[in-house]
Amino acid sequence: QEDLEALIAEFQTLDAKKTQVIETSCAAPSPRLNGSLSAHPEKDELILFGGEYFNGQKTYLYNELYVYNIRKNSWSKLEIPNPPPRRCAHQAVVVPTAGGQLWVFGGEFASPNGEQFYHYKDLWVLHLATKTWEQIKALGGPSGRSGHRMVACKKQLIIFGGFHESARDYIYYNDVYAFSLDSFTWSKLAPSGIGPAPRSGCQMAVTPECSIIVYGGYSKQRIKKDVDKGTLHTDMFLLKTEGAGKEEDKWAWSRLNPSGVKPTPRSGFSVAIGPNNRSLLFGGVHDEEEEESIEGDFFNDIYFYDMGKNRWFPGQLKGPKSEKRKRRRGRQAEAEGAREEMEKQHPQGPLEIVKEVVAEDGTVMTIKQVISAPAEEKERSESEEEEDGALGQQVEPCPRSNAMLAVKHGILYVYGGMFEVGDRQFTLSDLYSIDLHKMEEWKVLVEMDPKAQEWLEESDSEEEDDNDMEGAEGGEEEEESSEEESEDEEGEEAHPAVQPDEKPADYLSRTEQYWIKLARSNMGPDAKEKKVVKVAHAMAKTFYEDSV
C-alpha cells in the first residue's frame, strides 16, 4: 500500500509541473478498457478519461483526457493542470451546471506488475467551460472502491456498490451514498426494503422521475482457502424516493420482475441511457470453466430495458433501407451464387465460427455470435440477410467486455474494451456508432490498428521492472515497439493479396490451402482437422475484411 501511494504521489508531482491548458489534435487514443466516455452536455463532443492497458507483463494506468469531435470525427488531447491521479474502473457523470461539469469518483490504481491495488475514494469535478480540474474534499463519503456505479438525479450524485481488493482479501459492497450538488456534502442512505446483494459492475439507470434501476453485476466469495466462487447476478431492483432530491428524503428498495427477453448472464457489460426512456446494455463476457481452463464467450449484442414498461428486449439490426432496395433489384441472384459456392465447399456452414480467433501460440477462442449458417438461411424468407450471410456480415464491433459507451443525439458510441484468446488479452482502440432511433447499421468511425497490439510473455523481458515509472506514464512506448514487431512479423511471409473486385467466396476458394497450412502451423499437429479448417476460414475472412 505504501509503495503504491508513493508511486501515485510521484505521478502527481509530475502532473503538478503542468501549469497551463494545452489542447493538441492527435490520433485515436491508445488501446484501453475500464475508462469513462461521457457526452458533453452542450457541444458535439465525447470526453474520454482514464482507463487501463495490460500487455502481458505490465499494467498501464491513465489519467489522460481526450475529446472526440463528433462532427469532424477527430480526437484531441486536453492537458489540464492538477488532474486526478491515474485510474481505471472509476465512474464519471456529466451534469449541465455552469456550462457542463464532469464528476469523477473512485476507481483503482494498480502496481505495474498488476499484483497490488489501491482503491480511490476521492471526488473530482472537471469544469468543462473553464477547463479546470477541482478536487472536492467532503467528509463522510464512500470507502475506497472500484466497479461501483454512479448516476446523477435531482441535484444529487447517487453511488451504489463496487468492491475493494487487497493482497490478502476482497470485499463487495451494496451500500448507497448520495452527494448533494447544492451543499457539496455526502450522506449515506438507509433505504427500507430488501435490496441487491453486494456486487460490482452492475447496470444502474435513472428514470425521469428519479427512480434508480439496478440490474445484474458480479461478485465472488471465498468458499474455502484459496478457492473463490464467482456469481453472475441477473436480478433487478428499483430504488425509489418520494422526495424532491433532498438529503432527508426516504428511499426504498423493491424487486423488479421485468417482462420480455432478458440479457443472457454476463459480466463486464457496458451501459448507457438511450432515447425513449430506455437504458441499454452492450457486450460483456460469460466465463465457462472447462476442466482446468476458463474459456470466455464474449458478446457484442445490445439489450434495451424500457423503464416505463418494465420490459427487456434485444436490439435487432434492421439493415440500411437503401441496401434493401438494391438487393430487391437483383443483387440477390449474385448473392445466391456466392452462397451456393460456399455451401458446396463447406456444407456444414462455416459462417457460424467467423469470430473464432487464433493467437500466435495456437490458442483458440470461440466468440459467441448469432450468425446464421447457410442451412438456416434457406429457411428464411428471401431477404437481405441472405446476402449478409453469404458475403460477410455487416460491419459491427467485435465482441468485447469493459468497453466505454456514450450516447449523444440518440447515437450510441462504443470505444475500446477487450477480449481474450486463451491467456492473451487483446485491448481495443476502435470507435463505432449506431443510431438507436433507426437501429439500421453500425458505422466504423475509427478502425482498430493491428499494429497497436502488443503481447509480451512473462519470460520475454527481464528488464521490464526497471522501466516501471516510464511504462506507467502512458501508451506511447508500447505502440512504437509493437509497430516494429508487427512489421517484422509481416515481413516474414506476406498473406495472399485480395485481387480487385474479388468476392469473399472467391478469395477463400483460391487461398484456402494457404490459410489451412498457416492455421495448422499455429495450432500444432494435434489439433483436429475440423477445428483447423474453422480457424483457417476465420483468419481468411479477417484478412479479407481488413484488406477491402
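Some values worked out for this structure:
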item: Extension gain (nm, one decimal) between Ala27 and Lys250, 0.36 nm per residue minus Cα-Cα; result: 75.5 nm
item: Segments 500-507, 215-222, 195-202 sorted - mean Cβ within 10 Å per residue, highest first; result: 195-202, 215-222, 500-507
item: By average C-beta atoms within 10 angstrom, highest first, the peptides 182-194, 39-51; result: 39-51, 182-194
item: Nonlocal amide H pairs with Gly106, under 5 Å, H built at 1.01 Å; result: Asp122
item: Zero-based 10 Å bins, Cα pair distances in segment 395-440, whole percents; result: 26, 49, 20, 6
item: Å² of accessible area per residue within segment 1-148, as computed with a 1.4 Å probe and no ligands counted; result: 39 Å²
item: Subset of Lys220/Lys309; Lys262/Lys309; Lys43/Lys131; Lys137/Lys188; Lys262/Lys443; Lys17/Lys72 violating a 21 Å alpha-carbon distance limit; result: Lys220/Lys309; Lys262/Lys443; Lys17/Lys72
item: Estimated distance in nm for a label pair at Gln425 and Ala497, the labels positioned 7 Å out from Cα along Cα-to-Cβ; result: 3.8 nm
item: Of Lys77/Lys155; Lys503/Lys530; Lys121/Lys250; Lys225/Lys250, pairs whose Cα-Cα distance is over 32 Å; result: Lys225/Lys250
item: Rounded to whole Hz, the Karplus (6.51, -1.76, 1.60) HN-Hα couplings of segment 178-190, x for glycine and proline; result: 10, 10, 7, 7, 8, 8, 6, 10, 8, 9, 8, 7, 10
item: Under the Karplus curve 6.51 cos²θ - 1.76 cosθ + 1.60, θ = phi - 60°, whole-Hz ³J(HN,Hα) for segment 435-445, x wherever Gly or Pro sits; result: 6, 6, 6, 9, 6, 8, 7, 7, 10, 8, 9
item: Relative contact order computed over segment 115-198 (Cα-Cα under 8 Å; 6+ residues apart), in percent; result: 24 percent
item: Gain upon complete extension [Ser166, Ser547; 0.36 nm per residue less C-alpha separation]; result: 132.6 nm
item: Long-range amide H partners of Gln116 with built H, under 5 Å; result: Ser111
item: Computed lengthening from Glu209 to Lys77, 0.36 nm per intervening residue step minus Cα-Cα distance; result: 43.9 nm
item: Compactness of segment 106-236 - radius of gyration and Dmax, Cα, Å; result: 16.1, 53
item: Sorted peptide list for 59-68, 308-317, criterion being average Cβ within 10 angstrom, highest first; result: 59-68, 308-317
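The values are calculated or read from the model by the stated rules, or taken from the named source; none is laboratory data. Keep in mind that this is a model prediction, so the values were computed, not measured. No Cβ is skipped: glycine too gets one built from the backbone with ideal geometry, and neighbour counts run over all protein chains shown. Just the protein is used for accessible areas: all its heavy atoms, side chains included, with ligands, DNA and RNA removed. Shrake-Rupley method; radii C 1.70, N 1.55, O 1.52, S 1.80 Å.
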